[in-house]
Amino acid sequence: MYGSYESLNSPAPRTPTNNLIVNYIPPLVNEQELISLFSLEGQVESVKIVRDKCTGQCLGYAFIKYSSEKDAYKAICRLNGYRLHNKCIKVSPARPSTPAIKDANLYVSGIPKHMTQAHLEGIFSPFGNIITCKILTDNEGHSRGVGFVRYNYKTEAEVAVRNLNKIILPGACQPLQVKFAEKPSQRNTTCSMYDEMNKLLSLYRIDPRYKIDPAILSILKQYFPSLEYALWKERERERERDITKKYRYCIAQR
């Protein structure tokens, strides 16, 4: 078995749908693992884990489609609150896409490193029904100080931004920054800019004398303030390599 049941919630009112959304899935879970788990409740037609288009990292939720509404409801009753690895997943009917629920995802930065996900959710919950709440962590499981909060409706997210943006939480040394998360098209633009920056750095590694179009450099600096430092660092590394080569040549000639 993949996990255990813990704090099962009462079944949600029956909704006539065979499409489910699964929230709070652990980052290392793959599609095959979800298929194996949810197939215990009925015939699964498809599983889709939602991933970041730039990094491929799991965003913490997935969609499950069953062949019948009966099996979907059974999965909600049995698997909502199921402990998968180190998290309790939330299983509920997937909502049809409407303008009211779009753009309801918030990006939160300035989160104190000691704050837990439950604490963050408690701060945002007075302003609406939270679908998912996630604090991003590094490879060692330490908080990166940023996260995402997705509401049921955009209007709820707007109220949260008005009330929580730039407040200073107890024990924090910087204000909380709350804004709407980037849309996929905006993330794609950022990905393209990252690709462009990496190409420039690669060219610098090949030849530090490579000249960059000032217009392109100006645009890149708007996205990446540290780009100028990175380019300078590459020039310094090249200078150090030259000095090392000359030193070794002098030693060899002795």
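Here are the numbers for the structure shown:
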quantity: Distance (nanometres) between label positions extended 7 Å along Cα→Cβ at Ser67 and Asp52; calculated: 3.8 nm
quantity: His142 versus Ile167: modelled label distance in nm, points set 7 Å from Cα along the beta carbon direction; calculated: 2.8 nm
quantity: Sulfur and carbon atoms: percent of accessible area, the stretch 74-161 [1.4 Å]; calculated: 52 percent
quantity: Residue list for the stretch 109-151, given a label point 7 angstrom along the Cα-to-Cβ vector of Arg95 and an amide N cut-off under 13 Å; calculated: 128-132, 150-151
quantity: Contour minus Cα-Cα distance for Gln174 and Leu40 (0.36 nm per residue); calculated: 43.5 nm
quantity: In the stretch 50-141, the trypsin sites (Lys or Arg not before Pro) that fall in loop regions by DSSP, at most 16 other Cβ within 10 Å; calculated: Lys53, Lys102, Lys113
quantity: FRET efficiency, Ser125 to Gln32 (Cβ-Cβ, R0 25 Å, nearest 0.05); calculated: 0.15
quantity: Given Lys74/Lys154; Lys87/Lys166; Lys74/Lys179; Lys48/Lys113; Lys53/Lys90; Lys48/Lys179, the pairs whose alpha carbons are separated by over 25 Å; calculated: Lys74/Lys154; Lys87/Lys166; Lys74/Lys179; Lys48/Lys113; Lys48/Lys179
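The values are calculated or read from the model by the stated rules, or taken from the named source; none is laboratory data. All values reported here derive from a predicted model rather than from experimental measurement. Using ideal geometry, Cβ is built from the backbone for each residue, glycine included, and neighbour counts are taken over all protein chains shown. We work out accessible area using only protein heavy atoms, side chains counted, and drop any ligands, DNA or RNA first. Shrake-Rupley method; radii C 1.70, N 1.55, O 1.52, S 1.80 Å.
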